[in-house]
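Participant: Mind having a look at this structure? Questions to follow.
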C-alpha cells in the first residue's frame, strides 16, 4: 500500500528536483565554455610579430615566467572596452602580457596601439585565425594565464575588468609565482 | 492616455481575476450558490479588460506611438500596417500580453459553453483558470509592463526584427499560444475534478473537446513554425531540435497522449488518474516552455532577451501551480476507483502503449534538452545535445508507435480479436510493403534500410487511416447500416496526417540533395536533374529594405521549368536571406544566396527537397482531424446530470449505434 | 515557442557577421562521397559563437574558420574520428552536437530506453491486473 502512495507522489518529487535544477540554472551562464586546454602545455605555434612580420612569436615565449596571452582585435568591441584595463595593468609590471591579434588588419592594429597605448610585451599576428583555433579561442577577448612551465592554468572569457584582475587574476598569479 | 488605460485595464483584470478565483474555488467548498454565480461574470469581465489592454497596445502600434517604450523598440513608421499589429507580440512584454489575452478568450469560451455543466464544476474550472490569469497578470505588471512610457518619446521606432516580418511568423505565436493556453483548460478540468473528488466519464467527456481544440491549435502552430523556418531562415531546414522547438514539442507529445487517454476514460472509465496526470503534465510543460524561452537557462537561437528576475518569477509560478496540482493529485488519486478490466489485446491496452511511447518520447526530448543544464549544475562540464542525439533516440521509440497507429482503430474495446484485426488490416500491410519495394527500386543507389522502414510505416499509417472510412462508406452503399461520425473521420484524418508526416520526413531527409556552389553570372549547375543557370544579380527596393535579387533560370530535361529569384535583403540593421522556392507537392527546389564573391560571383546553395511538403501537409491534416473530432455532435449533446452524482460511467445514449462506440 | 531573435552571438558579441546563411566559397570535393562526408561532419559541430547552430548553418566568421579546418583535414585524408578528436581537444565536448558516450552521459543515452523499459514493465503489470479483473467479474461493461 505504501508503494502505491509513493507512485502517486512521484510526479511531485520529479517536480521538486526539476525546480532545484532550474533555480541553479538561473545563476549559471550557458554561453561560457570552459577550455579543455587548461592544465595542458600551450599549443605550439609560430606567428609573425605584429610590428615586425620578419620576426616570429612562438610558444617559447612562455618559459620560466608566469604570463598572460590576450586574444584581441580592433574590430572587437568588447576588446576595446577591455583595453584601458589592460594598459593600466601592464603599467604595474606584474606579469608580461602577450597579445594574439586575431583576424585583424595589421595597419589598423598598429595605429590603434600607438594611439590607445600598448600593454603588450609582444604581439603575434594571426591573420587567418588558425592559431587561435589551436588555442581553442571562440570569441575575443579571451585571456589565458600561463605558468612558468608553459602550462595553461586558467582562461578568462570576455573582457577583463579591474575587479576581476584584483579579486581573481592577481591571487592566481601570486599562487603561480610561489610554485 | 490610451496606454495608461491599457495599464489600468490590466490592474482591473487582476482584481477581477482574484474575485474569479476566490469565489470559484471557495464557493463550491462552502456550497454558496450566490458566490458561484458571481464567478462567470467575473471571469468574462476579467477577460474583457485583458482584451481591452491588448487592443490598447495594438492601437499604440497602429498610431506609431513611440512614447511607449515597447512600441519604440519593436515598430517603425516604415513598417507595413499588418506587421504593426503582429509586432504587438514581437517581443517579450507584448507576447506575454498575447498569452494573457488568449487565456481570456479561452476563459470566455469556457464560461459561454459550459451552461449544461454542474455549477460546482464550472466554478472550479473558472477558478483555476483565474489563478493562472493572476499569475501571468502579476508577472506582466511586475516584471514586464508593455505600457511603460519612454520620456522623451523616440522620434522613430527601432523596427521589428525583419525575420518576423512575415505572414506565417505573424500567425505562429497566436496559434501556438492558443494551443499552450488551451491546455490550461484541460488542466483546470482535471484540477476541478480532483478537487471535487469526482473523476468520471462525464469529466472526460467534457474536457475532451477542449483538449482537442487546444491540441489542434498547437499542431497548427508548430506546423506553421516549421514551415516558416524552412523558407525564412534560408537553409531549408524544417526542424532543428532547438530547445525552444523542443519546448513546444513536449506539450504536443503529452497533449497527443492526453487526447488518446481521454478516449479511454470517457469510453471505459479507466485510466482516470493517468489522464488527470497527463492533463497536468501537458499544461506544466507549456509553462516549462515559457520558462526555458524567457529565462536564458538554455542556449537557443530563438531566445528572448533574458532577465533572471523573470526566470525566478516563472519558476515561482511553476512551483505554485504545478506543485499544488501534483500534490492534490498525489492526495486524491490513490482513492479513485480503477475502472473496467480489459484483455492484453484490446483497444485499452493498445492506447496504453500509445501513451507510453508518446510520454517516453516526450521524456527523451526533456532529458536531451535539460541534460546540458544538469551537467553544468553538477559541475560535470559542458556539453551539447543536438539533432544527432534526438534523431538516434527518437526514431527507435517512434517506430513501434507507428505500427500501433494502424492497428489501434481496428481492435475492439475490452477484448480484441487479433485474427479479425489482421483480416481487416492485412490489405494495408501488404500494400505498404509493395509501396516500399517500389520506392526502393526507384531510389536505386540512395535506398537504405531507414528509407524502407520509414516508407513502410508511413504508408501503413496512411492506408489504415483510409481503410475505415472506406469500409464504412462501402457498407452504406451496399445498403447496410453504417455511420461515419465526425469523431471517426477526425481520427482517420489525423492518423492520415501522421502517416504523411512520416513519409515526408523520411523521403526528404534521406533523398534530398543539397549543394553549395560558387556561381558566376552565366554559369550553370545541375542538382538532381534540374539545371540552374545563374543570370546575375540586380537591386530591388522594398518598403523598408533594399534587396539584391539573383535570377536563376531552371531547366529540366531541356525544357524551361522556372525562374527563381532569391534575395539578400538589407534592413536598417540586419541582412536576411530570402530563399527562392519552387514549390511542388512531390518536390521543392530551393535556392538561397550566400555571400558575394569576386567577379560578380556568388556562393549559392541549391537544394532538391522531395516530398518536403508532406511534412506540413501532415500537420494540416492532423489539425483538420482535430477540428472534425472536436465538432462531433456528441459533445454538443447535454450530458445527463445523474452521471456526476453516481460517479458512474456514462451510459450509452439512445441513438448511438454500437459501431461508433466501438470504433471511435 | 518563440523564434524571435535569431541573433547570432550571445554575451561576447565578438564575431558578428552580417549575412544569414553560411555558404562557402571553396569548391566542393570532386568526389561526391568525400563531399558528403564533409557535409555530414560540419553538421555535427556546434558553432561556439552563434548559440545553437551547427558550423554548417552558422554564418559567423569562426564557423567559416572551422569549416575551412574541417575541409583541409578531409582533404588531407583525416578520418572522421581524427577530425572530431581535433575539435574536442581544442573546444571540449561542447562542440559535439552528438555527445560522446561516457560515464557522465550514460544516463543521457540510456535514459530514454530505461524510461521505456520501466514504462513497459509498469504497463505489463497494469494489463495483467486488468485482465484478471475482467475474468473475475461477470460485468461485461457498458460497451457491447
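Participant: Which whole-angstrom value gives the distance between the alpha carbon centres of the stretch B:480-548 and the stretch A:1-65?
Facilitator: 39 Å
Participant: Using Cα atoms only, what is the angle between the long axis of helix A:77-91 and the major principal axis of chain A, expressed in degrees (0 to 90) to the nearest 10?
Facilitator: 60 degrees
Participant: I need C:135, A:101, C:65 ordered by Cβ neighbour count within 10 Å, fewest first. Present the calculation step by step, with values, prior to reporting the outcome.
Facilitator: Numbers: C:135 8, A:101 29, C:65 19.
Arranged by neighbour count, lowest to highest, C:135, A:101, C:65 become C:135, C:65, A:101.
Participant: Moving on. Could you sort the peptides B:146-154, B:64-72, B:46-54 by per-residue average Cβ neighbour count (10 Å cutoff), highest mean leading? If you can, show how the numbers build up before the last one.
Facilitator: On the way: B:146-154: 15.4, B:64-72: 22.2, B:46-54: 24.1.
The peptides rank, most packed first, as B:46-54, B:64-72, B:146-154.
Participant: Enter the angle in degrees (range 0 to 90, nearest 10) between the Cα long axis of helix A:106-116 and the first principal axis of the Cα atoms of chain A, meaning the one along which they spread out most.
Facilitator: 90 degrees
Participant: While we're here: With a 10 Å Cβ neighbour count serving as the proxy for reagent exposure, in which order, fewest first, do B:509, B:524, B:284 appear?
Facilitator: So the residues, fewest neighbours to most, are B:524, B:509, B:284.
Participant: So, one more: What does the convex hull of the Cα atoms of the stretch B:548-602 come to per residue, in Å³, rounded to a whole number? All intermediate terms of the calculation are to be shown ahead of the outcome.
Facilitator: Working: hull volume 5.2 nm³, N = 55.
It is 95 Å³ per residue.
Participant: What Kirkwood radius, in Å to one decimal, follows from the Cα pairs of the protein assembly as shown?
Facilitator: Working: mean 1/r = 0.0325 Å⁻¹.
Evaluated on the protein assembly as shown, it is 30.8 Å.
Participant: State log₁₀ I(q)/I(0) for the stretch B:439-593 at q = 0.12, 0.16, 0.20 Å⁻¹ as given by the Debye formula over alpha-carbon point scatterers of equal weight, solvent excluded.
Facilitator: The computed values of log10 I(q)/I(0) come out as -0.75, -0.96, -1.16.
Participant: Binned at 5 Å from 0, what are the whole-percent values of the Cα-Cα distance distribution for the stretch B:229-363, short to long?
Facilitator: Result, from short to long distances: 2, 10, 15, 16, 17, 14, 10, 8, 5, 3, 1 percent.
Participant: Distance between the C-alpha centers of the stretch C:111-134 and the stretch B:111-185? Whole Å please.
Facilitator: 39 Å
Participant: Still on this structure, please answer the following. When you count, for each residue, the other Cβ atoms within 10 Å and take the mean per peptide, how do B:183-189, A:131-137 rank with the highest first?
Facilitator: Highest mean packing first, the order is B:183-189, A:131-137.
Participant: Here's another thing I want to ask about it. Inside 10 Å of the C-beta atoms of C:39-49, what's the mean count of C-beta atoms belonging to other chains?
Facilitator: Values: counts 3, 1, 0, 0, 3, 4, 2, 5, 1, 7, 3.
Across the residues of C:39-49, the mean count of other-chain Cβ atoms within 10 Å is 3.
Participant: Quantify how strongly other chains surround peptide B:513-524 by giving the mean number of their Cβ atoms within 10 Å of each of its Cβ atoms. Could you put the intermediate results ahead of the total?
Facilitator: Details: counts 0, 3, 4, 10, 5, 6, 0, 0, 0, 0, 0, 0.
Mean partner-chain Cβ count within 10 Å for B:513-524: 2.
Participant: Taking all pairs of distinct Cα atoms, average 1/r, flip it, and tell me the Kirkwood hydrodynamic radius of the stretch B:531-622 in Å to one decimal place. Let's see the in-between values first.
Facilitator: Numbers: mean 1/r = 0.0691 Å⁻¹.
Roughly 14.5 Å, rounded to one decimal.
Participant: By count of other Cβ within 10 Å, fewest leading, how are B:15, A:76, C:50 ordered? All intermediate terms of the calculation are to be shown ahead of the outcome.
Facilitator: On the way: B:15 15, A:76 23, C:50 26.
In increasing order of surrounding Cβ atoms, one gets B:15, A:76, C:50.
Participant: So what is the relative contact order of the stretch A:6-119, in percent, for Cα pairs below 8 Å that sit 6 or more residues apart?
Facilitator: Numbers: 80 pairs, mean separation 24.4, N = 114.
Across the stretch A:6-119, relative contact order equals 21 percent.
Participant: Continuing with the same structure: Rg over Rh of chain B, using C-alpha atoms and the Kirkwood radius, what does it come to? Before the final figure, lay out the partial values.
Facilitator: Numbers: Rg = 26.5 Å, Rh = 26.8 Å.
Over the Cα atoms of chain B, Rg/Rh equals 0.99.
Participant: I've got another one for you. Take peptide B:333-342, look around each residue's Cβ out to 10 angstrom, count Cβ atoms belonging to other protein chains, and average those counts. Each step should come with its number before you reach the end.
Facilitator: Details: counts 6, 6, 1, 1, 0, 4, 3, 9, 12, 7.
Across B:333-342, the average partner-chain Cβ count within 10 Å equals 5.
Participant: Moving on to the next point. Kirkwood hydrodynamic radius for chain A: how many Å is it when counted over pairs of different Cα atoms? Don't skip to the answer; put the middle values down first.
Facilitator: Values: mean 1/r = 0.0550 Å⁻¹.
Over chain A, the inverse of the mean reciprocal pair distance is 18.2 Å.
Participant: Using only Cα atoms, locate the centre of the stretch B:388-406 and the centre of the stretch B:209-255, then give the distance between them in Å, rounded to an integer.
Facilitator: 18 Å
Participant: Over the stretch B:95-217, what lengths in whole Å, largest first, do the semi-axes of the equivalent ellipsoid take, defined as the square roots of 5 times the eigenvalues of the alpha-carbon gyration tensor? It would help to have the intermediate numbers written out before the result.
Facilitator: Working: eigenvalues 242, 61, 19 Å².
The answer is 35, 18, 10 Å, longest axis first.
Participant: Any idea what the relative contact order of chain B is, in percent, if you count C-alpha pairs under 8 Å spaced at least 6 apart?
Facilitator: On the way: 1209 pairs, mean separation 82.6, N = 664.
The normalised contact order for chain B reaches 12 percent.
Every number here is computed from the coordinates shown, using simple stated rules; none is lab data. Being a predicted model, the structure only gives us computed values, none of them experimental. Ideal geometry is used to build each Cβ from the backbone, glycine not excepted, and the neighbour counts take in all protein chains shown.
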